[in-house]
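One structure is given below, encoded as structure tokens.
The values are calculated or read from the model by the stated rules, or taken from the named source; none is laboratory data. Keep in mind it's a predicted model, so treat the numbers as computed, not measured. All Cβ positions, glycine included, derive from the backbone under ideal geometry; neighbour counts span all protein chains shown. When the accessible area is computed, the model is the full protein with side chains, heavy atoms only, and any ligands, DNA or RNA have been set aside. Shrake-Rupley method; radii C 1.70, N 1.55, O 1.52, S 1.80 Å.
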Amino acid sequence: MTTGSLRWRDYFLREGRHFNEFWQMFLAERKRNVLFVLGHGFDSRMCDGIEQILSLGGEGARDVILLAFHEGAESASHSHVDQRKTNGDRLAELVRGRGEIGHRDIAMFSEEGRRISARSIAKVFASSAEFRSYTDVVVDISALPRGLYLPLLAKFLALFDVEQEDGEKRNLHVIVSHSPTSDNAIVDEGLEESANYLFGFAAAALESESTSGQPKIWIPVLGKRQQAQLERIHSLVMPDEICPLLPSPAQDPREGDSIMIEYRELLFDQLRVEPRNIIYAAESNPFEVYRQIMRSILHYDRALKPLGGCKVALSAMSSKLASIGVLLAAYELGRRDPKVIVGVAHVESQGYHVDKSVGPEPLPTLFTMWLSGECYAA
């Protein structure tokens, strides 16, 4: 595998006014039956994307599947129940007369109290048959936590890839109302005591004795206020080499410097990260994050061929846009030939609180990413 053969080397990404221009043209081109998949969360950005797309007209169905997830009786998220209800009411009003809203519940814990959220959301959509009446599926991750939207999108990509092998070209889009300030203000509460590898990625091979001789590379995509997560993921991965990825350029020109200052003692004094190992990618371009991750991994894999190649752990601890870059890299690495052993290491939380001191908060920007379908047809 080379960088020239990357699946998303050529990609489709639009933001701001270009978001509107694309969707208006796309929906006017022909009749399109669109299914929106949203998380029913407390984030006030939950309905921004669907509201904008519905305002742009076009013929065809505009249905919704709303994913409900409950983080437990002790979750800090219960303090935002009023905002969650407001979001649900807003969605119902937007869709009224345009389509139907279906509901799916995501089991977050087993009867024994084990965390099963990633496995549950991947099983909610068992096959591509339920998409047969739609030309386009739009997943809005604005109000979904990372531990849910990463395995969900991996499942959708796998389902749609099978469809394309059978000659169907259904479109998979991801949209997000992006605001780094808002993302930084949402703080994890009740962190799990240890990190784990997310369901849907090759975690077993990472820890297998048969691959114990292969060096392990860890690429954490860094954001603010994630020191506890970093420490717990490091304890899980126990890497031979660490390559942190920083946002640059970013909405805040000093974002990368601020993150380095926050983690300086942990990364450089304790973990002995080599400054030359630091990777940079644009904060607002998930495909750039993906390409930089892939470039680094392919470099290590070539260099370590005499040892059988390398194993890779990825971690998304930053904005939703950058996290999509992690997903794309992990998905492709696990399915390309020759494969690279890869897992996504993550620390779950039992809820979130919003830090009102973070600000001032600029208006969010709508982004749309086209991951699979017509635009990638050969």
Helix axis angle, 320-335 relative to the chain longest principal axis, alpha carbon, degrees: 70 degrees
Extension gain (nm, one decimal) between Leu56 and Met260, 0.36 nm per residue minus Cα-Cα: 69.2 nm
Arg225 to Tyr376: extension gain in nm, 0.36 nm per residue of separation minus the Cα-Cα distance? 50.6 nm
If you fit an axis through the alpha-carbon atoms of helix 146-165 and take the longest principal axis of the Cα set of the chain, what angle between them do you get, 0 to 90°, nearest 10? 70 degrees
Please check the chain for the longest run free of GluC sites (Glu not before Pro) that are loop-located per DSSP (anything but H, G, I, E, B) and have at most 11 other Cβ atoms within 10 Å. 194-378
Leu206 neighbourhood, Cβ < 12 Å, K/R = +1, D/E = -1, net charge 0
Under a point spin-label approximation (7 Å from Cα along Cα-to-Cβ), what is the Arg98-Ala303 distance to one decimal in nm? 5.0 nm
Leaving out ligands, DNA and RNA, what percent of the accessible area of the stretch 194-240 is carbon and sulfur, probe 1.4 Å? 46 percent
Tell me the mean residue ellipticity at 222 nm calculated for the chain from its helices only (DSSP H runs of n ≥ 4, each -39500 (n - 2.57), averaged over every residue, nearest 500). -10500 deg cm²/dmol
Among [x] 59, 49, 46; [y] 82, 53, 36; [z] 100, 45, 44, which is the computed Cα extents along the principal axes in Å? [x]
Cα gyration tensor category, rounded, prolate or oblate, for the stretch 33-177 with a/c compared to 1.5: oblate
Assign one of three labels to the stretch 154-238, namely rounded, prolate or oblate, based on the Cα gyration tensor with a ≥ b ≥ c the square roots of its eigenvalues; rounded applies when a/c is under 1.5, prolate when it is not and a/b is larger than b/c, and oblate otherwise. oblate
Taking the chain as the reference, fit the longest principal axis to its C-alpha atoms, fit the long axis of helix 255-264 to the helix C-alpha atoms, and give the angle between the two in degrees, 0 to 90, nearest 10. 40 degrees
Ranked order, Lys31, Lys155 - accessible area, probe 1.4 Å, largest first: Lys31, Lys155
Tally the DSSP beta bridges in the chain and give the antiparallel ones as a percent, rounded to 5. 35 percent
Let me make sure I get this right: for the stretch 82-168, a, b and c are the square roots of the gyration tensor eigenvalues over alpha carbons, sorted descending. Under 1.5 in a/c it's rounded, otherwise prolate if a/b > b/c, else oblate. Which is it? oblate
Quick one: accessible area per residue over the chain, 1.4 Å probe, rounded to a whole number of Å²? 43 Å²
In nm, the gap between the two label points placed 7 Å beyond Cα toward Cβ at Arg119 and Ser194 is 1.6 nm
